[in-house]
Amino acid sequence: MNSTRRCFVRFMMSTKALVPGASWPCSNLGPAAQILRTFRVSGTVAKKKSRPVRTGYDEKPERERSLVADDDDDDDPFERAAREAGTKAAFDGLLDVFVRRDVRRRGHVEFIYAALRKMPDFGVEHDIAVYNKLLDVFPKEVFVPRNFIQRMFNHYPRQQECAIQVLEQMENYGLMPNVETKVLLVQIFGEKSHPMRKYQRMMYWFPKFKHANPYPVPLQLPRDPVDLARFSLNRIAHDLDARVAVYQFPSTEVSETGEKVSRPHVVGIQSPEQRRLLAEHNPSRPVFVEGPFPLWLRKTCVHYYVLRADPLPPEEKVEESIDPERSFFYPLELDLDLDRDFGDLDSFDVDEVEEGPVFAMCMAGQADQATLAKWISGLQETNPILGRTPILFRLESGPRELQQATESEPEPSAEEEPLHSQGMKQ
Amino acid sequence: LYATADSRCHAKCGPTVHGSKSTALRLLCVPQESKSFAVNMFKGQINTSQVFPFPSVLNEEQSQFLQELVGPVSKFFIEVNDPMKNDALEKVEDSTMEGLKELGAFGLQVPTDLGGLGLTNTQYARLVEIVGMYDLGVGITLGAHQSIGFKGILLFGTRAQKEKYLPKLASGEDVAAFCLTEPASGSDAASIKTTAVLSPCGKYYTLNGGKIWISNGGLAEIFTVFAKTSVKDEKTGEMKDKITAFIVERSFGGVTSGPPEKKMGIKASNTAEVHFDNVRVPVECVLGEVGGGFKVAMNILNNGRFGMAAALAGTMKGVIAKAVDHAVNRTQFGSKIHNYGVIQEKMARMAMLHYVTESMAYMVSGNMDSGASDFQIEAAISKIFASEASWSVTDECIQIMGGMGFMKEAGAERVMRDLRIFRIFEGTNDILRLFVALNGFQNAGNQLKNLQKALKNPLGNAGLLTGEIGKRARRRVGLGSGLSLQGTVHPEVAHSGDLTVKAIEEFGATIEEMLLKHGKKIIDEQFVLKRVADSAIDLYAMVVVLSRASRSLAQGLPSAQHEKLLCETWCIEAYGRIMADMKSLRSSSSKQLFKNLRAISSALVDNGGVVSPHPLGF
């Protein structure tokens, strides 16, 4: 408590000292964002000034702006707690401690800003209850304007700004406020305050966009790499008939020589349509295994590989046309070539660029050819044509991988080194 | 695609000069404004030239002649023909046949100089209506003879062929039959197995193969036969199998026919297999071009459909008379059953269906007589509508008559049996629905394509674009697109006219949406196509009755007010159906529905029958 108060007081002084006149919010009726910016910058500047020796110590902005941080080398309580037990209970505990420490809740704005920043560390950034609890830190009723002049001017702008920031963070995490939020805001700032407006806007727009994405990515991705691969592949190959096959489960074995051999997972997907295309493929032309290509699922990046062929050269294309004199009673084909939309460019159409067919896709725990070959041999069971078709591996080194396996491929010891896991990378 | 290609060829080139397939296709690609109402409604447009006013194409002399014929023909069917006996005998009595021949009923449309009556389509329709009213079995015998049997010779025959065959056919001395269907080929021309091979000397073809379910197959002397021949492709020089139509006489030798088939209805007509065993057909007997048989077949079928609607309108008239007679005379709980609401509704619906069918039949025949070339969609619609309406009318007639209707003696069950085939032959209704919808989509698609082309040069097409964009914008905000039938329809039925216009706008918008959504793949969306066709049929029916009722009101006919009632009632109900269908097509609920239907059907297929277990468990 001591430290917090000290910091707060120092902050007030430094703000006034460094940004005279210009930024004291009461006199500034401009946009709230501007107030905030001034406010923050001044805080940072103040700190830097006060501790010029420590500029090189840690450039983490959180640390620098952490207003509740102690001047002494005592750490941010959030940081400490996060290190100890980054859980919701710990976070709640911190809030409770702060609330209980002082009836006047001195320094609560800084506290809330700090808490907001640390929420992801505790893994509570998607929890509406925590946000409500955070808003509960504000003292009630003191910020509610009592007359028209107060209402007209920005009453307690820093506090309002801070509450808006809480709501904004909720918005950024796609979290819809609930009725408790509303009650809290009314208690703290009154019916016509800026945070209340923000709340109302959110309640207006959120339901409208709630289902804007027809293919939402779940918040919790599967942890098991096989399940994750299964999920990702289903997501890419949006064909309900497509079937995922696990060609190899991840496992670690101790080989005869005593070395640990880890077998990476190989998961593939193929639809009946792709199987048909592959069956029609001319075996004298090679097919390619290409990749890795990235796929982002929220903050996770996974990589996948495709089995594809070059587009057919025009001379090999067989036009499948239906004899117009086939059906006595009704046409079997319509002569329609409508544009997708009225504004199409006729010179170049992305839709009409010919690409080779993609026959299958997979995700693997390792990026080497040996692992991918397992996939191909698994595919061969359902697609016998692969046995007669030359297969070229065109693997690019991934963003962080070295292509060791392909170079040292002939030796069986290629797998000796645990290759960088390519399938999943946080 | 189909209808337009054919009709234009037929209309422009006539029977002698036929372009190859490619020219037919090129003709089709030339954007040509169609006058057909049905074609235009798919584009969300109204073209009234073919439907308003209701066509009256007969001149004084022609209607005089027709009136002179109607009397004796009706009298003949009442006094000479005995439908029950024909049905029991499973053949048309010889005396009836003789009588029909004397009446000239076998050559109604053959030109007078070749021994026929030289009737126009409308006149033909009127006489066929009488036949349909009394005996559909006889109707089929006559229809298979002249509506499809030798229609090919009328449409595509050379002068020599006409002179050689038509006089005998017109007098009824020779009976004709149309041989297309094979065991493996119903609608699929590619699976025709009958072959005709040109002899080395180039003078005759050797015909081999078998045809099934040929009406008049056992009686006929002259056959129109479709067979595969090898034709050299002009462009590539490849030999390709194409269909050619031949005139085959039984006297060529090698033509045999099987025993008459046992059928559900139209028992009086003869249906048999016909086999061709090394029949030598001289090259002079090729009908149309070598390799042009597909076109011949399509034209014959397209030109024959309107007759069916006319005949069935007659059938309905007869059946309704029976039902009314019963409803007026039968007393239950102390009052005549026509006083009961359920019976009233049935009778009212019967009357409406008859009114629509009759109007459609004469609208189409009138259009054909006035030289229209785009009547294929309308003809198909009239066939679908007539066959379904007559089925439902007869069904309701039997229902009104109760147990009495179920008895053979009442004569309604025979009609019911006879009617069943009409939903099946000459293109099943399901397939014709696809034809109606796809043809419409093709036309609408062509228009949309032109619009898209115009958009690429907006300045040059400013007028067109302002109009079209304005139309769509107004449609979006729920204003009418400026279409109106005001001034075209009689003011007394203006409300029905407004409903029709609204329905057309909604229909056009949906068609466009479907086109943009599915593009070429619309052809595989048969659930959509079926609903679109249903609405197209309802729409055309609305316009047809509007036109007919307007004419009656304008002429001040004594029945005008009744017709107005029929028209208004029909329009209100059809409007509701169309709007509901269009709404469901545009909403996502239909997607789920189609998915369910598909899933249920495939479960049945997998299970070889119903899937659900017996409720008792065994």
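The values are calculated or read from the model by the stated rules, or taken from the named source; none is laboratory data. This one's a predicted model, so the numbers in the text were calculated from it and none came from an experiment. Here the Cβ positions follow ideal geometry from the backbone for every residue, glycine too, while neighbour counts run over all protein chains shown.
State which residue pairs qualify: first residue at positive phi and inside the range A:287-311, second residue buried (at least 20 other Cβ atoms within 10 Å of the Cβ) and hydroxyl-bearing (Ser, Thr, Tyr) in any location, beta carbons under 8 Å apart, and separation of 6 or more residues or different chains.
Hits for this filter: A:Gly291/A:Tyr304; A:Gly291/A:Tyr305.
Please determine whether any residue of the range B:230-250 is within 16 Å of B:Val175 (Cβ to Cβ), buried (at least 19 other Cβ atoms within 10 Å of the Cβ), touching a strand residue (DSSP E or B) at 6+ places or on another chain (Cβ under 7 Å) and of a type in the set (A, V, I, L, M).
Yes, the range B:230-250 contains a residue that is within 16 Å of B:Val175 (Cβ to Cβ), buried (at least 19 other Cβ atoms within 10 Å of the Cβ), touching a strand residue (DSSP E or B) at 6+ places or on another chain (Cβ under 7 Å) and of a type in the set (A, V, I, L, M).
Residues being touching a residue at least 60 places away in the same chain (Cβ under 8 Å) and away from chain A (no Cβ under 14 Å): count how many of those fall in the range B:498-520.
12
Can you give me the number of residues within the range A:148-202 that are more than 23 Å from A:Arg117 (Cα to Cα) and touching a residue at least 60 places away in the same chain (Cβ under 8 Å)?
Residues that pass the stated criteria total 2.
Within the range B:54-82, which residues are assigned to a helix (DSSP H, G or I) and in contact with a Leu (Cβ under 8 Å, 6 or more places away or on another chain)? Please lay out each step first, then the result.
Within the range B:54-82, the first condition is being assigned to a helix (DSSP H, G or I), and the residues that meet it are B:60-79.
Result: B:Leu66, B:Leu69, B:Val70, B:Pro72, B:Val73, B:Phe76.
Against the definition (surrounded by 11 or more Cβ atoms within 10 Å (Cβ to Cβ), over 30 Å from A:Val137 (Cα atoms) and touching a Ser or Thr at 6+ places or on another chain (Cβ under 6 Å)), how does A:Pro222 come out, yes or no? Please lay out each step first, then the result.
Values: surrounded by 11 or more Cβ atoms within 10 Å (Cβ to Cβ): yes; over 30 Å from A:Val137 (Cα atoms): yes; touching a Ser or Thr at 6+ places or on another chain (Cβ under 6 Å): no.
For A:Pro222, the condition - surrounded by 11 or more Cβ atoms within 10 Å (Cβ to Cβ), over 30 Å from A:Val137 (Cα atoms) and touching a Ser or Thr at 6+ places or on another chain (Cβ under 6 Å) - is not met.
Let me confirm something: among B:Ser547, B:Ser601, which residue is more than 14 Å from chain A (Cβ to nearest Cβ) and either over 28 Å from the mean Cα position of the chain (by Cα) or more than 18 Å from B:Val39 (Cα to Cα) (or both)?
B:Ser601
Let me confirm something: among B:Gly307, B:Gly288, B:Gly265, which residue is under 31 Å from the mean Cα position of the chain (by Cα), at pLDDT below 95 and within 14 Å of chain A (Cβ to nearest Cβ)?
Numbers: B:Gly307 fails: within 14 Å of chain A (Cβ to nearest Cβ); B:Gly265 fails: within 14 Å of chain A (Cβ to nearest Cβ).
Of B:Gly307, B:Gly288, B:Gly265, the one residue that is under 31 Å from the mean Cα position of the chain (by Cα), at pLDDT below 95 and within 14 Å of chain A (Cβ to nearest Cβ) is B:Gly288.
When you scan the range B:294-342, how many residues do you find that are farther than 30 Å from B:Ser370 by Cα, touching a strand residue (DSSP E or B) at 6+ places or on another chain (Cβ under 9 Å) and assigned to a helix (DSSP H, G or I)?
Our first condition is that a residue be farther than 30 Å from B:Ser370 by Cα; within the range B:294-342, this holds for B:319-342.
From the residues that got through so far, the ones that are touching a strand residue (DSSP E or B) at 6+ places or on another chain (Cβ under 9 Å) too are B:327-330, B:337, B:340.
Filter again for assigned to a helix (DSSP H, G or I), leaving B:327-329, B:337.
Counting residues in the range B:294-342 that are farther than 30 Å from B:Ser370 by Cα, touching a strand residue (DSSP E or B) at 6+ places or on another chain (Cβ under 9 Å) and assigned to a helix (DSSP H, G or I) gives 4.
Pick from the range A:330-365 the residues that are crowded, with 20+ Cβ neighbours inside 10 Å and of a type in the set (Gly, Ala, Ser): which of them is modelled with the highest pLDDT?
Taking the candidates together, the pick is A:Ala360.
Given the criteria surrounded by fewer than 19 Cβ atoms within 10 Å (Cβ to Cβ) and of a type in the set (Val, Ile, Thr), does B:Val286 qualify? Please lay out each step first, then the result.
Details: surrounded by fewer than 19 Cβ atoms within 10 Å (Cβ to Cβ): no; of a type in the set (Val, Ile, Thr): yes.
So B:Val286 fails the test.
Determine whether the range A:269-284 contains at least one residue that is assigned to a strand (DSSP E or B) and closer than 26 Å to A:Gly365 by Cβ.
Of all residues in the range A:269-284, those assigned to a strand (DSSP E or B) come to A:269-270.
Keeping just the survivors that are closer than 26 Å to A:Gly365 by Cβ gives A:269-270.
Yes.
Of everything in the range A:104-126, what is under 19 Å from A:Pro77 (Cβ atoms) and part of a loop (DSSP other than H, G, I, E, B)? Give them in sequence order.
First pass over the range A:104-126, keeping only residues under 19 Å from A:Pro77 (Cβ atoms): A:104-125.
A:Arg104, A:Arg105, A:Arg106, A:Gly107, A:Gly123, A:Val124, A:Glu125 - these are the residues of the range A:104-126 that are under 19 Å from A:Pro77 (Cβ atoms) and part of a loop (DSSP other than H, G, I, E, B).
May I ask you to list the residues in the range B:249-265 that are within 17 Å of B:Phe178 (Cα to Cα) and in contact (Cβ under 8 Å) with a residue 60 or more places away in the chain?
B:Pro260, the sole residue that qualifies.
Looking at (1) modelled with pLDDT of 95 or more; (2) under 26 Å from B:Val39 (Cβ atoms); (3) out of contact with any Leu (no Cβ under 7 Å at 6 or more places or on another chain); (4) not β-branched (Val, Ile, Thr), can you tell me which one B:Tyr575 breaks?
Exception for B:Tyr575: condition (3).
Check off (1) touching a residue at least 12 places away in the same chain (Cβ under 8 Å); (2) away from every other protein chain (no Cβ under 14 Å); (3) among the hydrophobic types (A, V, I, L, M, F, W, C); (4) on the phi < 0 side of the Ramachandran plot for B:Met239 and give me the number that stays unchecked.
It is condition (1) that B:Met239 fails.
Test B:Asn81 against the criterion of being crowded, with 16+ Cβ neighbours inside 10 Å and over 24 Å from B:Phe150 (Cα atoms), and give yes or no.
Working: crowded, with 16+ Cβ neighbours inside 10 Å: yes; over 24 Å from B:Phe150 (Cα atoms): yes.
For B:Asn81, the condition - crowded, with 16+ Cβ neighbours inside 10 Å and over 24 Å from B:Phe150 (Cα atoms) - is met.
Conditions first: (1) among the acidic types (Asp, Glu); (2) within 28 Å of B:Ala144 (Cβ to Cβ); (3) not in a helix (DSSP H, G or I). B:Glu98 passes all but one, so which condition is the exception?
(3)
Please state which of the following conditions B:Ala503 fails to meet, knowing it meets all the rest: (1) surrounded by fewer than 22 Cβ atoms within 10 Å (Cβ to Cβ); (2) among the aliphatic types (A, V, I, L, M); (3) under 28 Å from B:Leu438 (Cβ atoms).
With respect to (1) surrounded by fewer than 22 Cβ atoms within 10 Å (Cβ to Cβ); (2) among the aliphatic types (A, V, I, L, M); (3) under 28 Å from B:Leu438 (Cβ atoms), B:Ala503 is out only on (1).
Just checking, does the range A:205-215 include any residue being more than 25 Å from A:Val306 (Cβ to Cβ), in a loop (DSSP other than H, G, I, E, B), in contact (Cβ under 8 Å) with a residue 12 or more places away in the chain and out of contact with any Lys or Arg (no Cβ under 9 Å at 6 or more places or on another chain)? Lay out the reasoning, then the answer.
Let us first name the residues in the range A:205-215 that are more than 25 Å from A:Val306 (Cβ to Cβ), namely A:205-212.
Add one more test, that the residue is in a loop (DSSP other than H, G, I, E, B), and what stays is A:210-212.
Pick out the ones that are also in contact (Cβ under 8 Å) with a residue 12 or more places away in the chain and you get A:210.
Next, from what is left, pick out any that are out of contact with any Lys or Arg (no Cβ under 9 Å at 6 or more places or on another chain): A:210.
Taking every residue of the range A:205-215 in turn, at least one turns out to be more than 25 Å from A:Val306 (Cβ to Cβ), in a loop (DSSP other than H, G, I, E, B), in contact (Cβ under 8 Å) with a residue 12 or more places away in the chain and out of contact with any Lys or Arg (no Cβ under 9 Å at 6 or more places or on another chain).
Give me the pairs: first residue in the range B:177-188 and farther than 16 Å from B:Ala245 by Cα, second residue in a strand (DSSP E or B) and of a type in the set (A, V, I, L, M, F, W, C), beta-carbon distance under 6 Å, and six or more apart or on different chains, which are they?
Between residues of the range B:177-188 that are farther than 16 Å from B:Ala245 by Cα and residues that are in a strand (DSSP E or B) and of a type in the set (A, V, I, L, M, F, W, C), the close pairs are B:Pro183/B:Ile212.
What number of residues in the range B:422-438 are more than 7 Å from every other protein chain (Cβ to nearest Cβ) and part of a helix (DSSP H, G or I)?
7
Need pairs with beta-carbon distance below 7 Å; first residue more than 8 Å from every other protein chain (Cβ to nearest Cβ) and within 26 Å of B:Asp524 (Cα to Cα) and within the range B:441-467, second of a type in the set (Ser, Thr, Tyr) and not in a helix (DSSP H, G or I); sequence gap 6+ or separate chains.
From residues that are more than 8 Å from every other protein chain (Cβ to nearest Cβ) and within 26 Å of B:Asp524 (Cα to Cα), the pairs are B:Asn443/B:Ser34.
Please indicate, with yes or no, whether at least one residue in the range B:521-537 is under 18 Å from B:Gln50 (Cβ atoms), more than 14 Å from chain A (Cβ to nearest Cβ) and modelled with pLDDT of 95 or more.
First pass over the range B:521-537, keeping only residues under 18 Å from B:Gln50 (Cβ atoms): B:536-537.
Then keep just the ones that are more than 14 Å from chain A (Cβ to nearest Cβ); that gives B:537.
Next cut, modelled with pLDDT of 95 or more only: B:537.
Checked the range B:521-537: at least one residue is under 18 Å from B:Gln50 (Cβ atoms), more than 14 Å from chain A (Cβ to nearest Cβ) and modelled with pLDDT of 95 or more.
Confirm whether B:Ser199 is touching a Phe, Trp or Tyr at 6+ places or on another chain (Cβ under 8 Å) and modelled with pLDDT under 95. Full working, then the answer.
Working: touching a Phe, Trp or Tyr at 6+ places or on another chain (Cβ under 8 Å): yes; modelled with pLDDT under 95: yes.
For B:Ser199, the condition - touching a Phe, Trp or Tyr at 6+ places or on another chain (Cβ under 8 Å) and modelled with pLDDT under 95 - is met.
Can you find a residue that is within 11 Å of chain A (Cβ to nearest Cβ), in contact with a helix residue (DSSP H, G or I) (Cβ under 9 Å, 6 or more places away or on another chain) and not aliphatic (A, V, I, L, M) anywhere in the range B:403-411?
no
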